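In what follows, a structure is listed as structure tokens, so that the remarks can point back to it.
The values are calculated or read from the model by the stated rules, or taken from the named source; none is laboratory data. As the structure is a computational prediction, the values presented were derived from the model and not from experiment. Glycine gets a Cβ as well: all are built from the backbone with ideal geometry, and neighbour counts include every protein chain shown.
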DNA sequence: CTCTATCGGGCCGTAAAATGTCCCAGTTAA
DNA sequence: TTAACTGGGACATTTTACGGCCCGATAGAG
């Protein structure tokens, strides 16, 4: 059975926030010994009135004692804080880890969900939900959103049914970031883009490019007017959401020949994302021959959301983050812990 | 460490209510299969609009699926209900037991707090809190409230600091139900009445009657005008809150002589309350010689709140409830389970 | 086919709660 | 004494919750 708190959080989405808030207050009162409302409010950076509502409740629950010279934790409150301490450390652990990773790679936001999506389908689903929520929180109507393929992105699309993102996004466009890359149908960028669009009532356009293009075919496709049109749309996207893969695994999945794989390995390719292969240091060491977003488009895109989870993805995520153009990272605990190792090793 | 649930009930009492509500909804949807909003609202006796807010949230959480022909629980929702079932039974368990006891003895309200107040001081404190909360919820300004002695009532008084019972009760009177009964100072009715009054900003009057009155002394006290005055006030009380004791224990505590104790035992005295001794069938088999509430006063009092806890009190509580003039019972889980045995045995 | 009952969802005015921001009387320490 | 605190009361304003109604869609009965 999963953690009771995680189960409850499905029914009470703001349970964690409230729990955290009240615990922090109680904890702070414990540390301060005897403290007044205003002092406490400023040290917790809350407004006086909000704090007051909470302390009234804590008092009604008998967890604190309020006297004329301030508030003090009661024995019941002390007992509760001590019992809750390990639980809260575990919970806040991820929050702190989020902040650590955010700082280390200079990201705008990091979201970590508990668990390992590699070993548990439920966690993978949660990762998808978190990705969907995050994506929608950054999208405004009228945006163009480029998405890549991959099983994680497929899960994001799956979980995207009318989350609390407000009204329908009627003039929003979902497009694949790059052409077809030899994935199975369900996890192709095209499929995912169209699914996402349908889920939130948005529009979509597809880019059908055969896999394993010859140079000649590529050149002629580039000239094609219809293709140019959609590629232009893709390049003007405001948001990118993309998965992150292990380089070798992706190469094998795309059925590259043995020679190319050895080349990649020689070049130190660790990670793959939007058709580019990255080295441990975040340098692009190889790229797929297909249409869509180019590096310069990626660099100037306003919001880039990377999403990947599982312990084995740690190094790959690190490599892509080193590339330095990510804004948001959505991952799971297992991968985040690997990232933490990389960060600590770099010091 | 205590159960996480108990901790949450202390820190998040409001959220636990919504947890129960949402669980009930989800559970009902599960049972109903495919059900419409209005149908569901009436079967849960909620207004349509409130239910809607909840189902919107459940949908956003992916726990139910909403289609044109109704709502259905999703696989995630089903999974959650199953995982939460034992937890919720624990939460709801006492509610059902409350109702069972309420019906069995024809009471107006039953409050059961988890645990055994006999073996845990924390539970005893909680029992006091519950008693205080219950008492205040039935009191209106202007009432006269008669209280008895006993350690449980002392705890009620202790926990009565300005609970959310609204404004101060300036014209409310707290009085002892009967004269001093040979208890130690802290748990005497007089002490408790005055403490309660001070806690909620009410008035109080005391009744000082020495223990172990001789018949002569009793007769002269009855004639005393000051005493008559306060006794009149006591007899006009609108609310009584009283503890319930084991007959033999009380007799010993009051230092009755061996003969009286054997008499009590011969008469089948099981319980004691407001100076009266009750048999298993709820008949009064003996009474203390002191002033204050008489049986006829008790019978016409509007609201009588009995409070007692601990496994050993089960039979005593049963006896007093059989007496048939209780309205409210506040007890703990251990005593309630004993009561349940009595109820089941009576069938 | 039509009719009817029921579905989810949109909408709106009001009631209630949450919140920010004061002030006040009391207490303590200097 | 003063100055700096305290908790609690009060109030205007914003935000949210709520009740109640209507609407088009849809499925099943006839």
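Scan region A:105-125 and give yes if some residue there is assigned to a helix (DSSP H, G or I), within 14 Å of another protein chain (Cβ to nearest Cβ) and modelled with pLDDT of 90 or more, otherwise no. Checking region A:105-125: at least one residue is assigned to a helix (DSSP H, G or I), within 14 Å of another protein chain (Cβ to nearest Cβ) and modelled with pLDDT of 90 or more. Determine, yes or no, whether residue B:55 is more than 22 Å from residue B:89 (Cβ to Cβ) and more than 11 Å from DNA strand C (Cβ to nearest atom). Criteria not met by residue B:55. Look at (1) in contact with a strand residue (DSSP E or B) (Cβ under 9 Å, 6 or more places away or on another chain); (2) within 14 Å of chain A (Cβ to nearest Cβ); (3) away from DNA strand C (no atom under 11 Å from the Cβ); (4) not in a loop (DSSP other than H, G, I, E, B) and you find that residue B:99 fails only one, number (2).
Each row is one residue, and each column tells you yes or no for (1) modelled with pLDDT under 85; (2) in the same structural domain as residue B:78 (by TED's automatic domain parsing); (3) in contact with a strand residue (DSSP E or B) (Cβ under 7 Å, 6 or more places away or on another chain); (4) surrounded by 15 or more Cβ atoms within 10 Å (Cβ to Cβ).
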| position | (1), (2), (3), (4) |
| --- | --- |
| B:7 | no, yes, no, yes |
| B:13 | no, yes, no, no |
| B:19 | no, yes, no, yes |
| B:23 | no, yes, no, yes |
| B:29 | no, yes, yes, yes |
| B:39 | no, yes, no, no |
| B:43 | yes, yes, no, no |
| B:50 | no, yes, no, no |
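For residue A:76, state whether it is more than 12 Å from DNA strand C (Cβ to nearest atom), more than 37 Å from the chain's Cα centre (by Cα) and either within 14 Å of chain B (Cβ to nearest Cβ) or in a helix (DSSP H, G or I) (or both). Against the criterion (more than 12 Å from DNA strand C (Cβ to nearest atom), more than 37 Å from the chain's Cα centre (by Cα) and either within 14 Å of chain B (Cβ to nearest Cβ) or in a helix (DSSP H, G or I) (or both)), residue A:76 qualifies.
Out of contact with any strand residue (DSSP E or B) (no Cβ under 9 Å at 6 or more places or on another chain) and either assigned to a strand (DSSP E or B) or under 30 Å from residue B:218 (Cα atoms) (or both): does that describe residue B:296? It is true that residue B:296 is out of contact with any strand residue (DSSP E or B) (no Cβ under 9 Å at 6 or more places or on another chain) and either assigned to a strand (DSSP E or B) or under 30 Å from residue B:218 (Cα atoms) (or both). Based on what the data block shows, is residue B:21 in a helix (DSSP H, G or I), under 30 Å from residue B:344 (Cα atoms) and within 12 Å of chain A (Cβ to nearest Cβ)? The answer is yes for residue B:21. Of all the residues in region A:67-93, those that are within 16 Å of DNA strand D (Cβ to nearest atom) and surrounded by fewer than 16 Cβ atoms within 10 Å (Cβ to Cβ) number 3. Scanning region B:52-66 for residues that are within 14 Å of chain A (Cβ to nearest Cβ), surrounded by fewer than 17 Cβ atoms within 10 Å (Cβ to Cβ) and in a helix (DSSP H, G or I) gives B:53, B:56, B:60.
Screening the candidates B:15, B:31, B:69, B:91 for the property of being within 12 Å of DNA strand C (Cβ to nearest atom) and more than 9 Å from chain A (Cβ to nearest Cβ) yields one hit, B:69. Inside region A:94-128, residues that are under 21 Å from residue A:24 (Cα atoms) and exposed (fewer than 15 other Cβ atoms within 10 Å of the Cβ) make up a count of 3.
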